[in-house]
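In what follows, a structure is listed as structure tokens, so that the remarks can point back to it.
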Amino acid sequence: MALLLLVFETTPLDSAISGWFFDPVAGVFPLRYDFAIEVLGHQAAKLLVVVLACCVIALYLLTFVLPDLKAQRRVLLFLSHILWSGWVCWLVILVLYVALIGPGPKRVAAINSTA
């Protein structure tokens, strides 16, 4: 990936590839708002990464319950960190935990007394 980025930054390859999709007469990219590219290429791909990240995180959490998966704990944690969406999934899990379990009565009393 780093090599590809280096190639795009140091050569005109990036401009050549984007030139295939650019309409110089109209001065726009004709497929910019194309349904198939927008929905299938962007939104569906993003959803796929989020679902994959959630599955990896679920498997990671199962390593604490199933002894057979314990050996894969580091690999699954590494995979969840590689998938940037894994951080979003961890955040969603944290928000759901706080929403379902709540801060507890002592914490609520402390918040109410300071307000």
TODO: Those residues that are in contact with a Pro (Cβ under 8 Å, 6 or more places away or on another chain) and at pLDDT 80 or above, I need them from segment 10-67; list them, please.
DONE: Asp23
TODO: Give the residue that is farthest from Ile82 (Cα to Cα), with candidates limited to residues of segment 14-28 that are more than 28 Å from the chain's Cα centre (by Cα) and of a type outside the set (Val, Ile, Thr).
DONE: Ala26
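The values are calculated or read from the model by the stated rules, or taken from the named source; none is laboratory data. Fair warning: this is a prediction, and the values are worked out from it, not measured in the lab. No Cβ is skipped: glycine too gets one built from the backbone with ideal geometry, and neighbour counts run over all protein chains shown.
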